[in-house]
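Reading through the structure tokens given below for one structure.
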Amino acid sequence: MKNLIVVLIISLVNSSCCKDNNMAHTITPTVIGYGSLFGAGEENIPEQNIVITNMTEWDNLKTKMNITNNTTDSFNETGIDFSTCKIIASFDQIRNYGGFTIDNTNIIENDYNIIINIQHFAPNTGNVPLIIEQPFKIIRIPKIPKPIVFN
């Protein structure tokens, strides 16, 4: 009987030691809005990724985005419940011609943080509009108390 107990204990210890403690899973965001700002930099929003956690920050960003055009009128939602979610706003650099986009290609949560991969896409070669634009994408993710890392 003693040998059986020893074998069971060893089996339990081995199974817990080999367990992957860094389980990662994908977070599916909700797209709030995407497109481009067309104010030729008048919005004064640099190339950046912003984590927005409260209504004041959200209202300030929307005000800046609407300096020259009512950009936020096309957003899917603007009344955000910050007790359950965060907003991620990604802005590309100001571009001298059209067709560029920015995207959050995937969002991975692991035991330590949330990793958001950002990609910048150039237009296909050929006819591109000669317009000054600044691509952006804004998403909503669940409020998870972990640091956010941008790649």
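The figures follow:
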item: Check on Thr26, surrounded by fewer than 12 Cβ atoms within 10 Å (Cβ to Cβ), within 13 Å of the chain's Cα centre (by Cα), at negative phi and among the β-branched types (Val, Ile, Thr); result: yes
item: Any hit, the range 98-106, residues being within 19 Å of Ile50 (Cα to Cα) and among the aromatic types (Phe, Trp, Tyr); result: no
item: Selected residue [open to solvent by less than 60 Å² (accessible area, probe 1.4 Å) and either at pLDDT below 95 or of a type in the set (A, V, I, L, M, F, W, C) (or both)] from Thr78, Thr72; result: Thr78
item: Residue in the range 84-91 that is open to solvent by 60 Å² or more (accessible area, probe 1.4 Å) and closer than 23 Å to Thr28 by Cβ present; result: yes
item: Residue check for Lys86: assigned to a helix (DSSP H, G or I) and in contact with a Ser or Thr (Cβ under 6 Å, 6 or more places away or on another chain); result: no
item: Residue within the range 100-117 that is in contact with a helix residue (DSSP H, G or I) (Cβ under 8 Å, 6 or more places away or on another chain) and surrounded by 13 or more Cβ atoms within 10 Å (Cβ to Cβ) present; result: no
item: Search result, residues across the range 36-59 that are of a type in the set (Gly, Ala, Ser) and surrounded by fewer than 16 Cβ atoms within 10 Å (Cβ to Cβ); result: Ala40, Gly41
item: Matching residues in the range 123-147 - criterion: being touching a Gly at 6+ places or on another chain (Cβ under 8 Å), without any contact (Cβ under 8 Å) to a residue 40 or more places away in the chain and either within 20 Å of Gly33 (Cβ to Cβ) or surrounded by 11 or more Cβ atoms within 10 Å (Cβ to Cβ) (or both); result: Pro123, Val128
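Yes or no, residue by residue, for (1) at pLDDT 85 or above; (2) under 28 Å from Pro147 (Cα atoms); (3) touching a Leu at 6+ places or on another chain (Cβ under 9 Å):
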| residue | (1), (2), (3) |
| --- | --- |
| Asn3 | no, no, no |
| Val7 | no, no, no |
| Ser11 | no, no, no |
| Thr30 | yes, yes, no |
| Tyr34 | yes, yes, no |
| Asn44 | yes, yes, no |
| Glu47 | yes, yes, no |
| Thr56 | yes, yes, no |
| Asn66 | yes, no, no |
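The values are calculated or read from the model by the stated rules, or taken from the named source; none is laboratory data. What you are looking at is a predicted structure, and each value in this text was computed from that prediction instead of being measured. FYI the Cβ positions are ideal-geometry reconstructions off the backbone, even for glycines, and counts take in every protein chain you see. Accessible surface areas use protein heavy atoms only, side chains included; no ligands, DNA or RNA. Shrake-Rupley method; radii C 1.70, N 1.55, O 1.52, S 1.80 Å.
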